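Enquirer: First, the structure itself, so that you have it in front of you.
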Amino acid sequence: ALLLAFPAAYVIVRTGFGRNWLLPFVLNLRALPLIIFAIPLYMMFQVVGLLDTLFGLALIMCIINLPLTLALLSSTLRNIPEELDDAARIDGASTLSIILRIILPLSVAAIASSSVLGFVYAWNEFLFGLMLTTKSATPITVGASFFFSASGGGVKWGVASAVIILSLLPPLVVGLLFYRSIGSSLTGGAVKG
């Protein structure tokens, strides 16, 4: 999602293209309940052969995380003064050089926080993991739900609890490592000063 959202946010913020229609459209798409996309996505994935593949699940996570990532990055890029771009252009820098040497380093906190939030959301995804996978690409949330099945002798509470506790560790560790950048980027555009 970052590979799509960063260039899109740069274009939206710096050129104004799509500021009035593209950004609100993408954000409003995310406000829709995901269940309405379930059957069409299942049918498309069946036709294209992406059912029960990690690539298919990653593609869905990218699409789902794109609006949040785009919103975070565009908010961050809006706070970076355009005068920095102008000064770099006067010094002879190309647009790619401006992005790589100025914009990208100033956006590290937003990139880290959107990566962490995207990871946590993808890690906790249940609906599409249950619907689009069977065995080879089953996420841990779906695998943990199998321990709560009433068939086969009832619920195995000890094993289910252990799996759930272990599944909490990766997002917890990632969140603890990046908690400062998450807080600073989420509140970055809140106060002018």
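Enquirer: Would you please list the contacts, defined by Cβ atoms under 9 Å and residues six or more apart or on different chains, that run from a residue in region 104-120 that is over 11 Å from Leu72 (Cα atoms) to a residue that is outside any helix (DSSP H, G or I) and aromatic (Phe, Trp, Tyr)?
Expert: Between residues of region 104-120 that are over 11 Å from Leu72 (Cα atoms) and residues that are outside any helix (DSSP H, G or I) and aromatic (Phe, Trp, Tyr), the close pairs are Val116/Phe178.
Enquirer: Could you list, ordered by first residue, the pairs with Cβ atoms under 9 Å in which the first is in region 1-20 and surrounded by 12 or more Cβ atoms within 10 Å (Cβ to Cβ) and at pLDDT below 90 and the second is part of a helix (DSSP H, G or I) and of a type in the set (Phe, Trp, Tyr), at least 6 apart or interchain?
Expert: From region 1-20, the pairs are Gly18/Phe25.
Enquirer: Right, here's the next one. Regarding region 86-100, can at least one residue be identified that is at pLDDT 90 or above, of a type in the set (Val, Ile, Thr) and either loosely packed, with under 12 Cβ neighbours inside 10 Å or touching an Asp or Glu at 6+ places or on another chain (Cβ under 7 Å) (or both)?
Expert: yes
Enquirer: Looking at (1) polar (S, T, N, Q); (2) surrounded by fewer than 16 Cβ atoms within 10 Å (Cβ to Cβ); (3) within 30 Å of Leu132 (Cβ to Cβ), which is the only condition Ser113 fails?
Expert: Here Ser113 clears every test but (2).
Enquirer: Right, next: Take residues that are under 24 Å from Leu177 (Cβ atoms) and tell me which of the helices (runs of 4 or more DSSP H) falling wholly in region 13-119 contain 2 or more. Reasoning before the result, please.
Expert: Working: elements: 22-31, 38-48, 54-78, 82-90, 95-98.
Once the helices (runs of 4 or more DSSP H) in region 13-119 are filtered for at least 2 residues that are under 24 Å from Leu177 (Cβ atoms), what remains is 54-78.
Enquirer: Tell me which residues, restricted to region 161-193, are surrounded by 13 or more Cβ atoms within 10 Å (Cβ to Cβ), of a type in the set (Val, Ile, Thr) and at pLDDT below 75.
Expert: Ile182
Enquirer: Identify all residues within region 105-160 that are of a type in the set (D, E, K, R) and at pLDDT below 80; write none if there are none.
Expert: Lys135, Lys156
Enquirer: Could you list all residues from region 22-80 that are in contact with a helix residue (DSSP H, G or I) (Cβ under 7 Å, 6 or more places away or on another chain), among the hydroxyl-bearing types (Ser, Thr, Tyr) and closer than 23 Å to Ser115 by Cβ?
Expert: Result: Thr69, Ser74, Thr76.
Enquirer: Right, something else. When you scan region 128-140, do you find a residue that is free of Cβ contacts under 8 Å to residues at least 12 places away in the same chain and out of contact with any Asp or Glu (no Cβ under 6 Å at 6 or more places or on another chain), even just one?
Expert: yes
The values are calculated or read from the model by the stated rules, or taken from the named source; none is laboratory data. Only a predicted model underlies this, so the values are computations on that prediction, with no experimental measurement involved. Positions of Cβ are backbone-derived with ideal geometry, glycine not excepted, and every protein chain shown enters the neighbour counts.
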